[in-house]
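Peer 1: Structure provided below as structure tokens; questions to follow.
The values are calculated or read from the model by the stated rules, or taken from the named source; none is laboratory data. Note that this is a predicted model, so its numbers are computed, not measured. Every residue, glycine as well, gets a Cβ built from its backbone with ideal geometry; the counts of neighbours run over all protein chains shown.
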Amino acid sequence: MNYTQRHQELSSQFQIGVDTHLDASNIDIRFFKFKSESESRSNINMWVNPTDLGIGENNEFSYPVFIPSDKQQTGEAILILHGLNERNWSKYLTWAEYLCSETGKAVILFPIAFHVNRSPQSWSNPRSLRDILDFRRKKNGEDRCLSFANVAFSERVCEEPYRFYRSGRQTVNDLTHLFGDIKQGLHPVFKANTNIDIFAYSIGAFLAEITLFSNPKNLFSSSKLFLFCGGGVFSSMFGQSRSIMDTSAYKSLFQYYLHEFTEKVKLASMRDKIFESFCSMISSERYKSEREQFFKRLETRMEGISLVKDKVMPYFGIEEALGKGIADSRISKMDFAFEYNHENPFPICSHTNSTEVDNSFNAVFEKVVAFFK
């Protein structure tokens, strides 16, 4: 794929909620509506900020499916899980098209709770965010990591760190409903018992690991998982970034989940398999035996790529999560000849050689395709 050219073409063609045919690859993008259902247990909802419950975009939304145009239905799918604080699908359109084209499988782009089109537009509108940005600058001093792109997420995290877990938990439940509907033959694109694999990037990798570990309703027992720029324990993540969160928000999350979270969640009925799976991914020593046994069982269904210059989710964190033996055998380390970072592994800019970026993109995704084929 001519990645740099195709990225621009797809960005101009893609619109949320608008079904589109891609002539260049003979792929259709079709949108489907989804309604997120709140967990029924009152003690779970008790912990949810009432303001969050009223965010309509998070409760009802649409998600795109890339499917070869010659297929009315299919029995194979790949789910892509995105990174933290994403506000649009732009980065992932080429990824989805390439995987769909080269595997012949449908590719689902599903938004994490309060991300992409599950968040109000005001969270990415500089005019709406100016007062919050000024407030955080006055409160926290000059912080090079603070930006319009991350100020809404940073403020929400500092106001209530529990939102990070709650967003992930809601997404696990959403994926459980989605997988359940698909496997029962209730989705118009998919045949009953469709096999669904997962390509997970950044925090999406963390979420995917927790989902497969907790395995709600045994719906994820056969899913293969490819990790890209992610998969480490929470304590090894360094999320201060102008694209992700500012320094104060990162410190707030770190303090809360490393030192407060498990003590505050004392209700036995809240300590279910999702909770335990999440806790096992907080730091390397927590639930270590159970976590490494899980990854041992998952070993033949898992591969991944870690980028050498990834400072947000470095390789050593993946070793801490999976165990050194499995990490070394299942996760490849790659590096590129151009300047890149975790948030933008395939940069499109005037000072970067586009041919090198194209080649690196293809090298990564050829490996992904070979795994899913």
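Peer 1: Show the residue pairs that are 6+ apart or on different chains and have beta-carbon atoms under 7 Å apart, the first residue being within the stretch 50-64 and within 13 Å of residue 116 (Cα to Cα), the second being of a type in the set (A, V, I, L, M).
Peer 2: 58/113; 62/16; 63/108; 63/109; 64/29; 64/109
Peer 1: Provide a single number: the residues in the stretch 68-108 that are over 21 Å from residue 149 (Cα atoms) and either surrounded by fewer than 23 Cβ atoms within 10 Å (Cβ to Cβ) or not aromatic (Phe, Trp, Tyr) (or both). So that I can check it myself, show each step before the final result.
Peer 2: Let us first name the residues in the stretch 68-108 that are over 21 Å from residue 149 (Cα atoms), namely 68-80, 94-108.
After this cut, where a residue has to be either surrounded by fewer than 23 Cβ atoms within 10 Å (Cβ to Cβ) or not aromatic (Phe, Trp, Tyr) (or both) as well, the list is 68-80, 94, 96-97, 99-108.
Looking only at that region, the number is 26.
Peer 1: I'd like to check which helices (runs of 4 or more DSSP H) are fully inside the stretch 50-161 and have at least 1 residues that are over 21 Å from the mean Cα position of the chain (by Cα), modelled with pLDDT of 95 or more and closer than 24 Å to residue 194 by Cα. Quick ask: steps written out before the conclusion?
Peer 2: Details: elements: 50-53, 56-59, 93-103, 126-140, 151-159.
Result: 93-103.
Peer 1: Any residue at all in the stretch 108-131 that is free of Cβ contacts under 8 Å to residues at least 60 places away in the same chain, among the aliphatic types (A, V, I, L, M), touching a strand residue (DSSP E or B) at 6+ places or on another chain (Cβ under 7 Å) and within 18 Å of residue 24 (Cβ to Cβ)?
Peer 2: no
Peer 1: Filter the stretch 271-288 down to the residues that are out of contact with any Phe, Trp or Tyr (no Cβ under 8 Å at 6 or more places or on another chain) and not basic (Lys, Arg), then identify the one that is modelled with the lowest pLDDT.
Peer 2: In this case the residue turns out to be 272.
Peer 1: Counting just the residues of the stretch 317-373 that are outside any helix (DSSP H, G or I), in contact (Cβ under 8 Å) with a residue 60 or more places away in the chain and of a type in the set (A, V, I, L, M), which one comes out surrounded by the most Cβ atoms within 10 Å (Cβ to Cβ)?
Peer 2: Result: 331.
Peer 1: Answer yes or no as to whether residue 198 is hydrophobic (A, V, I, L, M, F, W, C), within 25 Å of residue 60 (Cα to Cα) and either under 13 Å from the mean Cα position of the chain (by Cα) or in a strand (DSSP E or B) (or both). Explain how you work it out, then say what you get.
Peer 2: Values: hydrophobic (A, V, I, L, M, F, W, C): yes; within 25 Å of residue 60 (Cα to Cα): yes; either under 13 Å from the mean Cα position of the chain (by Cα) or in a strand (DSSP E or B) (or both): yes.
Judged against the criteria, residue 198 is a match.
Peer 1: Of the numbered conditions (1) among the polar types (S, T, N, Q); (2) surrounded by fewer than 19 Cβ atoms within 10 Å (Cβ to Cβ); (3) in a helix (DSSP H, G or I), residue 248 satisfies every one except a single condition; which is it?
Peer 2: (2)
Peer 1: Please go through (1) in a helix (DSSP H, G or I); (2) modelled with pLDDT of 95 or more for residue 305 and return the number of the only condition it doesn't satisfy.
Peer 2: With (1) in a helix (DSSP H, G or I); (2) modelled with pLDDT of 95 or more applied to residue 305, the lone miss is (1).
Peer 1: Does the stretch 202-218 contain at least one residue that is within 14 Å of the chain's Cα centre (by Cα) and not in a helix (DSSP H, G or I)?
Peer 2: yes
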